[in-house]
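Take a look at the structure set out below.
The values are calculated or read from the model by the stated rules, or taken from the named source; none is laboratory data. Just so it is clear, the structure is predicted and the values come from calculations on it, not from any experiment. Reconstructed Cβ throughout: ideal geometry from the backbone, glycine too, with neighbour counts over all protein chains shown.
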Amino acid sequence: MEALRWAADVLFSWKRFHILAAAVIAFEVIACAAAIRFVPYTEIDWKAYMQEVGGFLGGELDYMNLRGGTGPLVYPAGFVWLYSGFYYLTGSDPQGEGADIFLAQCIFAVLYVLTTAVTLAVYAKARPGAPWIVVVLVLSKRLHSIFVLRLFNDGPAALLALCAVLAFQHRRWVLGCVLYSLGVSVKMNVLLFAPALLLLLLRNTGGWPGAIFHIGICAAIQGVLGAPFLLSFPKSYIVKSFELSRVFNHTWTINYRFLDEETFVDKRLALALLACHLGFLFFLLVRWFGCSPSRWMRAPAGGDSPRVVALTLFAANFVGVVFARSLHAQFWTWYAHSLPLLGAESVLGMPLALPLLAGMDYAFGYVWPTSAFSSSVLQACHAALLLALLAVPLPTGASDPADKPEGAPPTRAHLRKGKKQE
């Protein structure tokens, strides 16, 4: 009986979260080692990455001429610097051959475990729902394969984005902006956090002057990383590294297989999705922060809580994913780590949100080639979770009932936690 009580305490009390976190990390170390040992590596983009950075290391600075076997280089300069490091560490060559793939997999296993550790730190700071929700993080087969079996750049980008979220939770706004900009420089999907980041900067760094200063830090990082290309062929770099007009291949889409190819590539669909993206962001802003712009700019005394910071950033990113023109299998890293928190903070609560998270993981990790059915499941789960988030008020910012600001109305989460303590 004592053992059961202790186990329940570990799963449901944040005071013993360090025990659960250590168990999760240990499991991930074993899982990554097992994946590398027993599951065959699949070559998809690694050789192309090596070919792209091989051209740069050979002296080519025109982004129009940097190409790999899968097409032109379409990632910002941070990707080039990062994968140039991997190029040297793994002993690759300009043709993408000769690399020590086992070493590359070990590097990405370390990155995966670090990503899990940072995610656990974010959850420990935010305290959404009960601690057991972090167990969901280890259950995704696709997440493991994206890192250790595919070596996609989505993994390092996700790690940097989560590090930025953790820094923002600790009110380290300069450090957070540096990490955030580094994430954008590896893959620009990290820009989906930008609307929420702007709001948080306005609320927590002194209004527009503080926000502009921190945005300037982000821009400076991009300028430093891209300097060799911007000083040589600026137009090529700007056009190719942030290629917003790119048309995605219908064959690879996870979220829109139920559309025919003609509709999928139609610019009107892209514009409609953009309008929905902006519209839902605005609705979420009004729902959580009120109708008055003056309220948007005003954070509580001491600044927004770690819980509000994480929820705001993760929710904005999730809205961007829901209305993305296309999602590929590796894009699961864009938001998978945030889903337990979003599920716990939604009006559903984590137990009822679990089937939605399972449906998303099914669409990304268990169906290939994708089908109209799997895409429909994914979009239905997206819609349900999005509506469940819109239905709940923004938490007051306190992680526990005792921390609730004096005079603040109790939220659904506070009432639920208060009853548990009784």
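Give the range 372-397 a look and list any residue that's of a type in the set (Gly, Ala, Ser), farther than 15 Å from residue 349 by Cβ and not in a helix (DSSP H, G or I), or say none. Listed by number, the list holds a single entry, 397.
Residue selection: residue 111 fails the criterion of being among the hydrophobic types (A, V, I, L, M, F, W, C), more than 30 Å from residue 252 (Cα to Cα), in contact with a Pro (Cβ under 7 Å, 6 or more places away or on another chain) and modelled with pLDDT of 95 or more.
Only one of the numbered conditions (1) in contact (Cβ under 8 Å) with a residue 40 or more places away in the chain; (2) part of a helix (DSSP H, G or I); (3) among the aliphatic types (A, V, I, L, M) is violated by residue 34, and that is (1).
A single member of 82, 143 is buried (at least 23 other Cβ atoms within 10 Å of the Cβ) and either touching a Phe, Trp or Tyr at 6+ places or on another chain (Cβ under 6 Å) or not charged (D, E, K, R) (or both), and it is 143. Taken as a whole, the structure places residue 243 among residues that are over 13 Å from residue 77 (Cβ atoms), in contact with a Pro (Cβ under 9 Å, 6 or more places away or on another chain) and surrounded by fewer than 19 Cβ atoms within 10 Å (Cβ to Cβ). Within the range 9-21, the set of residues being surrounded by 12 or more Cβ atoms within 10 Å (Cβ to Cβ) and not in a loop (DSSP other than H, G, I, E, B) comprises 9, 10, 11, 12, 14, 16, 17, 18, 19, 20, 21.
Taken together, 159, 201, 192, 197 contain a single residue that is under 30 Å from residue 102 (Cβ atoms) and either buried (at least 20 other Cβ atoms within 10 Å of the Cβ) or of a type in the set (S, T, N, Q) (or both), which is 159.
It is to be established whether one or more residues within the range 354-370 are polar (S, T, N, Q), buried (at least 24 other Cβ atoms within 10 Å of the Cβ) and farther than 16 Å from residue 130 by Cα.
no
Of all residues in the range 337-354, none that is under 19 Å from residue 115 (Cβ atoms) and among the β-branched types (Val, Ile, Thr) has its Cβ atom under 8 Å from the Cβ atom of a residue that is at pLDDT below 95 and not in a helix (DSSP H, G or I), 6 or more apart or on another chain. If you go through the range 196-224 and keep only what is among the polar types (S, T, N, Q), over 24 Å from residue 186 (Cβ atoms) and part of a helix (DSSP H, G or I), you end up with just 204. Of the numbered criteria (1) touching a residue at least 60 places away in the same chain (Cβ under 8 Å); (2) surrounded by 18 or more Cβ atoms within 10 Å (Cβ to Cβ); (3) of a type outside the set (Ser, Thr, Tyr); (4) closer than 18 Å to residue 330 by Cα, the one residue 44 fails is (2). Output the number of the condition that residue 351 fails; it satisfies all remaining conditions of (1) modelled with pLDDT under 95; (2) crowded, with 17+ Cβ neighbours inside 10 Å; (3) assigned to a helix (DSSP H, G or I). It fails just one condition, (2).
The residue pairs whose first member lies in the range 1-18 and is under 15 Å from residue 134 (Cβ atoms), whose second member is among the small types (Gly, Ala, Ser), and whose beta carbons are closer than 8 Å, counting only pairs six or more residues apart or on different chains, are 11/130; 12/130; 14/124; 14/399; 17/124. The single condition among (1) touching a residue at least 40 places away in the same chain (Cβ under 8 Å); (2) buried (at least 21 other Cβ atoms within 10 Å of the Cβ) that residue 296 does not satisfy is (2). Filtering the range 362-373 to residues that are more than 16 Å from residue 330 (Cβ to Cβ) and small (Gly, Ala, Ser) leaves 371, 372.
Taking the criterion of being of a type in the set (S, T, N, Q) and touching a Leu at 6+ places or on another chain (Cβ under 8 Å), the residues of the range 63-118 that qualify are 84, 90, 105, 115, 116. Taking every residue in the range 243-263 that is β-branched (Val, Ile, Thr) and pairing it with any residue that is surrounded by 12 or more Cβ atoms within 10 Å (Cβ to Cβ) and part of a loop (DSSP other than H, G, I, E, B), at least 6 positions away or on another chain, the pairs with Cβ-Cβ distances below 7 Å are 247/265; 253/326; 253/327; 253/370; 254/327; 254/328; 254/370.
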